[in-house]
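Structure first, commentary second.
The values are calculated or read from the model by the stated rules, or taken from the named source; none is laboratory data. Just so it is clear, the model here is predicted, and its values are computed rather than measured. Reconstructed Cβ throughout: ideal geometry from the backbone, glycine too, with neighbour counts over all protein chains shown. Note: areas computed on protein heavy atoms with side chains; ligands, DNA, RNA excluded. Shrake-Rupley method; radii C 1.70, N 1.55, O 1.52, S 1.80 Å.
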Amino acid sequence: MPEFAAALTRAGVDALWVSRPENVRYVTGFTSPEDGKALLTPQGAVLYTDARYTEQARLESSAEQFIARPPATLEHAAERVRGLRVGFEADALTVAALDDLRRFWPDATLVPTTGILETLRLIKTPDEIERIRQAQRIADEAFAAVRPLIRAGAVERDIEFAIEGEMRKRGARGWAHGFIVAGGERGALPHGHASDRVLQDGELVTVDIGAVYDGYVSDMTRTVRVGEVSAELRRIYHAVLEAEEAAIRAVRPGVRAADLDTLARDILTGHGLGEAFAHSLGHGVGLAVHEGPSLRGTSDDVLEPGMVITIEPGAYLPGLGGVRIEDLVLVTEDGYEVLSTSPKEPV
Ligand SMILES: CSCC[C@H](N)C(=O)N1CCC[C@H]1C(=O)O
């Protein structure tokens, strides 16, 4: 595991106690990482999980394994960390868990760290990209299957339920996030999870979905119309679409993520919708739905080949509704590839 060893060296630690589930999976391959921890050293990872997972861990992970519950796990690791500088994930470990580390590892120097593994996760391997591609294929196919149900009289929650079923049929093993199905005025809620509201003619409906395939997720949003919509809603839709397409066209290695956000924001501002764009342009996607790089105005991230990002400008107008259009985009050696294929319907 040479890249892990180099990452530990760069961070100035001899080992890392891995507690964030996505990172436990990343370094061990274990698919129930909520019930596991890992100790990462330059020699490799030790996976700690309990007896419910003895066989699963053996099948899934090539890491050394120690099957026990705390405190036996921490006692076992104490032998390995004696005299070492051991990083812990400061943004993932609870205060109580840190107290335990202090108690059980008196001979280690505990060092708060952030981003050691998240930095590696920024660039996806071909195998990771393939899994994200499959997750997105599932979402695209499910959206196409359910699209005819998005009509006047439909209940938002029924649409969510139908998408979940269509995703499962196509191999999804879970959802990237709670689905957003937000019609009419609820479209002004960027995170308007599906409710009991009934869709009506003349509305826009924001549908934001993502599947999980082999641990990796997808993320995509389409805004569609129910019946004929007002000229104002059409204007907003086309402004968001213009911003989205311009930002996608600008994706390439070396571009500052913050500049993409500015590009999209300036277009929306030109349409009088700057204030209505209430969030960042996007984020990285992988084992988690929200990971690096960050496409916000304050981000220092620079795009590199192998990053998978969302481009998702939106405009949210309380009392009127909202629009978000989101694509999943792979940064390639010379530009980009849009992984999401669902049509952006004319409004
Ligand atoms: C509930 S997870 C939201 C998924 C969505 N595609 C998304 O990432 N966002 C919607 C609003 C902005 C952005 C976010 O930062 O949450």
Antiparallel content of DSSP bridges confined to the stretch 2-121, in %, to 5: 45
On a straight-distance basis, which aspartates and glutamates could pair with Lys124 in a cross-link, Cα separation under 17 angstrom, same-chain partners fewer than 8 positions away excluded? Glu3, Glu22, Asp214, Asp219, Glu291, Asp301, Glu304, Glu333, Asp334, Glu337
Between Leu40, Leu59, Leu16, find the one with the highest GNM mean-square fluctuation for the chain; connect C-alpha pairs within less than 10 Å. Leu59
If I take the Cα coordinates of the stretch 231-293 and project them onto the principal axes, what are the three extents in Å, biggest first? 40, 23, 17
Whole-number accessible area per residue in Å² for the stretch 126-338, which is evaluated in the context of all protein chains at 1.4 Å: 39
I'd like the carbon and sulfur percentage of the solvent accessible area for the chain, probe radius 1.4 Å, heavy atoms only, ligands and nucleic acids excluded. 52
Quick P(r) readout (the chain; Cα-Cα; 10 Å bins; whole %) gives 6, 23, 28, 22, 14, 6, 1
In degrees, nearest 10, the alpha-carbon axis of helix 126-146 is tilted away from the dominant principal axis of the alpha carbons of the chain by 30
Just Glu128, Glu333, Glu242 to compare: in a GNM of the chain, with alpha carbon springs under 10 Å, which one fluctuates most? Glu333
The orientation-averaged projected area of the Cα convex hull of the stretch 2-121, in nm², is 6.4
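Can you give the relative contact order of the chain as a percent, counting alpha carbon pairs under 8 Å and 6+ residues apart? Present the calculation step by step, with values, prior to reporting the outcome.
Values: 780 pairs, mean separation 49.0, N = 347.
The normalised contact order for the chain reaches 14 percent.
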Top mean-square fluctuation among Gly282, Gly83, Gly192, Gaussian network model of the chain, C-alpha springs under 10 Å? Gly83
Report, in degrees rounded to the nearest 10, the 0 to 90 angle that the Cα long axis of helix 95-104 makes with the longest principal axis of the chain. 20
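For His191 and Arg82, what is the calculated FRET efficiency with R₀ set at 35 Å and r taken between the beta-carbons, to the nearest 0.05?
Numbers: r = 46 Å, r/R0 = 1.31.
According to the calculation, E is roughly 0.15.
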Which angle between 0 and 90 degrees, to the nearest 10, do you get for helix 156-169 versus the longest principal axis of the chain when only C-alpha atoms count? 50
